[in-house]
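The values are calculated or read from the model by the stated rules, or taken from the named source; none is laboratory data. Only a predicted model underlies this, so the values are computations on that prediction, with no experimental measurement involved. Every residue, glycine among them, receives a Cβ derived from its backbone with ideal geometry; neighbour counts consider all protein chains shown. What goes into the accessible areas is simple: the full protein's heavy atoms, side chains included, and nothing from ligands, DNA or RNA. Shrake-Rupley method; radii C 1.70, N 1.55, O 1.52, S 1.80 Å.
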Amino acid sequence: MANLERTAYPRFPRVITTRDLLQHYTPDPDEVTWVAGSAYSRNAQLSLMVLLKTFQQLHYFPDLESVPPEIVDHIRTVMNLGPKAVAQYRQPKTLYRHCAAVRGYLSIHRYYGKEAQRIAVRAAYEAAEVMDQRVDVINATIEELIFRRYELPAFSTLDNIAEAAAATAQDRLYARIDEALTGERRAFLDSLLATDFAHRQSAFQAIKALPKRATRKHLEALLDQLAWLNTLGDVDDPLQHAPASKLRHLGKV
């Protein structure tokens, strides 16, 4: 699985600053009016507002128990609900209804069904054609879903989509390169893997040899290595349609 910390998947910061609270988690008058008309008890109003404000930042509904208490306290104070108001849902039906209400208020599509999956998969596959790192593919998928006003699915869902897209993109790239090779060129590449008892190393291993410490003797050896590499022929044609990021991954540049 890709490292969540390295992606753009939204999550609460480890430290909630006063600036964060004022800028991102302060209900405006219209939101307060909407919540008051949608929920009647103080607990329900606080819970619904916490859902609304956190969704605006995360683009998905977090477990209320995972919401930093600073956010809940700030919203409770701004709404003047009193210290006894609690953000919690004892009835799953109420939580489901409030989540649907937030989506409707923000004009957000639920991540459910074939259409949302199709958008996510297409974004991932398009990104994987030009990006090599899975985290970049995940980030591109997140950006597309948010742009199209879709609720984000669980991170594991995005990671699985990105993994499948990356594998397919690599297979397509290898297939295109293979189709561009002539029979003569393919036979030559196969010969690079051949070894004999005298040398014990294949030519492919010699290609991968790393330069040694910068001395005159090693510089002469490096120049000899470069001259030998130039005799191996042109490899640009089969790789001409490969993205630069893929070439870097393959060790071309």
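Brief remarks follow.
- Options [x] 0.99; [y] 0.93; [z] 1.22 - which one matches Rg/Rh (Cα atoms, Kirkwood Rh) as calculated here: [z]
- Within a Gaussian network of the chain (alpha carbon springs, distance under 10 Å), most fluctuating of LEU52, LEU22, LEU226: LEU226
- Other residues whose C-beta falls under 15 angstrom from the C-beta of GLN56 contribute a net charge of -1, scoring Lys and Arg +1 and Asp and Glu -1.
- Per residue, the chain exposes 64 Å² of accessible surface when a 1.4 Å probe is rolled over the protein heavy atoms with every protein chain present.
- The chain - charge dipole about Cα centre, Lys and Arg +1 at Cβ, Asp and Glu -1, debye rounded to 20: 720 debye
- Working ranking of peptides 67-80, 124-137, 5-18 by packing, defined as the average number of other Cβ atoms within 10 Å per residue, highest first, is 124-137, 67-80, 5-18.
- Principal-axis tilt of helix 134-147 within the chain, Cα atoms, nearest 10 degrees: 40 degrees
- Loop-resident chymotrypsin sites (Phe, Trp or Tyr not before Pro) (DSSP state other than H, G, I, E or B) in segment 1-45 with no more than 15 further Cβ atoms inside 10 Å of their Cβ: TYR40.
- Counting protein heavy atoms only, segment 31-108 has 53 percent of its accessible area on carbon and sulfur, 1.4 angstrom probe.
- Think of each Lys and Arg Cβ as +1 and each Asp and Glu Cβ as -1; about the Cα centre, that makes the dipole of segment 1-47 roughly 260 debye.
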